[in-house]
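For reference, the structure discussed in these notes is given below.
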Amino acid sequence: MNIWKKLSLGILFLSVLVLVACSGDNNESNESAEDSEKQGDIVIGVDKEVVSLDPHNSNDSASAQVRMNIYETLIYQNPDGELVPGLATEWEQVDENTWNFKLREGVTFHSGQEFTAEDVKATYARVLDPNVAASVQFLFEMIDDVEVVNDHELNIKTKEPFAPLDRHLAHSTAGIMSKSLIDKDYENALEASGLGLSLDTYYAEREEGSETFAEYASKLNNIGQIINQEPDGTNHLKLQSRSAGDNVVLEKFEEFNNGERFFNTVTFKVIPENGSRVGELETGGIDVATGIDTASVPRIEGGADMEIIEKDSVRTTYLGLNYKKELFQDENIKKAIAYAIDREDIVNGIFDGMGIPSKGPLAPPVWGYSEELVGAEYDIEKAKEYLSQSSQPDGFKTTLWVNEDEQIINTAVYIQEQLKQINIDVSIEQMEWGAYLDNLVQGNHDMFILGWTTVTQDADYGLYALFHSKNHGSAGNRIFYTNPKVDELLDAGRSETDEAKRADIYKEAEQLIVDDGQSVFLMHNTFFIGVNTRKATGFKLDSAGAVHIQDVKFK
């Protein structure tokens, strides 16, 4: 009997968390708006609150969606995934370990400070500062030095060859902050620390790598406080206000010099409940609704002046098994769980076919994706057989953590029912998004469901953060997976410059990761959102689920 017939409790089919944007395909509306210079305000309804406005303090999609409009990166990854000029007008790899960047001139920060190469140097020095303990340090740890040639030219030197450096520098957490903001933030932290250090002394000790420098970390608890409250970037929007749990309001930055913008303000309004977001979209209370559940798609498509925009994603939703728990080091238990889950049933039954089942950690659009992966396929009898050969042949009790996303909750209920068939008793624990991420870092969980979006569209980002043993915790490896051979391959993949050899390295690493079974890869999601077209058109959506608003025109 199909499991969905068993689940007769009226489970809502709601969408997986994605912060996505739309690209208007109504040609008539776009044509009429092209010559318009009307100004207007945009309201985007989101289902999750921003965690931090500090680019180095979080890597969640809700925060990235807001920050990408405040900060610019040296290189910009457009909605089609192409790398185009950002704060750098041109760049080239001079040798295996050196990249040269020419910078855009006439750029100012929101604070009025002039943008120079020193701001780039200060930004990358901060993210690599061990006392900052940036969760995204893995994205930049290959940088050995930023050499300032002049105000508008610099060289980035890497410790070893690193093929996808340009992709990493286009990541939202690579947004360039003003050196004055960084200095102010450090000064605030130093003053509160009681260390009695001047900023110049702190920087000098960091440069020298002094023995005492690492000891400061425990007292520098306020690092990031100023940056989170007073972000200072160069992009087209600057912070106007932030109301915790309610909204973030950004306003147009009039001195922006990289294209014309027609919005006055952009508000990211937190509306956790899906039905409320759809209702607000219908009435025009919001212009864009993210995180739309699949059951609401026909309602939006059939509504007046509304449309759905969808895009194949670079996201993988997975069931994580905590390697720190002895139970989930048992190969037979992991195989039993993997064979008990029907990925096709999840995609079709919960997500209405809007996605594809996963074979492994990387989605098909990601460079390095292997079509040759071999893994567990649904077979409940084989699942029972593996459990009978495990350390828990009679079954066991465990917990499964989820956030507030209702489709993720439904997926958890499905897994709960499936594992019950092989005598694994699963209790589901639900948490608010911020608390969920914080608790996963502590490593006290058994199992959890989460998604990872390979924003750079390169295998390094999709594998290194999640499966290298040095990235346990907030960097991404929340399953606390440890495999020395996988570490070796992922390190090699980062430094290999021959594309064919690099692809072979990742193919081997992916198969080992799948074979180890510490993550059960469920599906690659389709990203989609709802748009009310009465007021504006030109929203765009990328494969990482981000809203791009630079081309918005008002009717």
Å² of accessible area per residue within region 294-432, as computed with a 1.4 Å probe and no ligands counted: 43
For region 277-349, size of Cβ-based charge dipole, Lys and Arg +1, Asp and Glu -1, in debye: 520
All lysines inside 25 Å of Lys179 as judged from Cα atoms, apart from same-chain residues fewer than 8 positions distant: Lys102, Lys121, Lys157, Lys159, Lys219, Lys238, Lys252
Computed lengthening from Arg534 to Asp95, 0.36 nm per intervening residue step minus Cα-Cα distance: 152.9 nm
Solvent-accessible ranking of Leu83, Leu522, largest area first, probe 1.4 Å: Leu83, Leu522
Span per principal axis, largest first, for the Cα atoms of the chain (Å): 67, 62, 48
Full-extension gain in nm, Glu187 to Glu37, via 0.36 nm per residue minus C-alpha separation: 49.7 nm
Counting DSSP beta bridges with both ends in the chain, the antiparallel % (nearest 5): 75
Principal axis box of region 154-200, alpha-carbon based, largest edge first, Å: 42, 22, 19
Positive dipole terminus of the chain, leading residue within Trp401, Gly233, Pro55 (C-beta point charges): Trp401
Within the chain: Cβ-based charge dipole about Cα centre, in debye rounded to nearest 20 (Lys, Arg +1; Asp, Glu -1): 1440
The chain - mean residue ellipticity at 222 nm from DSSP helices (-39,500 (n - 2.57) per run, n ≥ 4, rounded to 500): -9000 deg cm²/dmol
Rg over Rh [alpha-carbon atoms, Kirkwood Rh] for region 249-306: 1.09
Rounded to the nearest 20 debye, dipole of region 392-437 from Cβ charges on Lys, Arg, Asp, Glu: 200
Per residue value of the accessible surface for region 124-179 (all protein chains in place, 1.4 Å probe), Å²: 29
Accessible carbon and sulfur surface of the chain relative to its total accessible area, %, 1.4 Å: 43
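The values are calculated or read from the model by the stated rules, or taken from the named source; none is laboratory data. Owing to the predicted nature of the structure, the values given are computational and were not obtained by experimental measurement. Quick reminder, even Gly has a Cβ in these numbers, built from the backbone with ideal geometry, and neighbours come from all protein chains shown. Note: accessible area is taken over every heavy atom of the protein model, side chains too, but ligands, DNA and RNA are not part of it. Shrake-Rupley method; radii C 1.70, N 1.55, O 1.52, S 1.80 Å.
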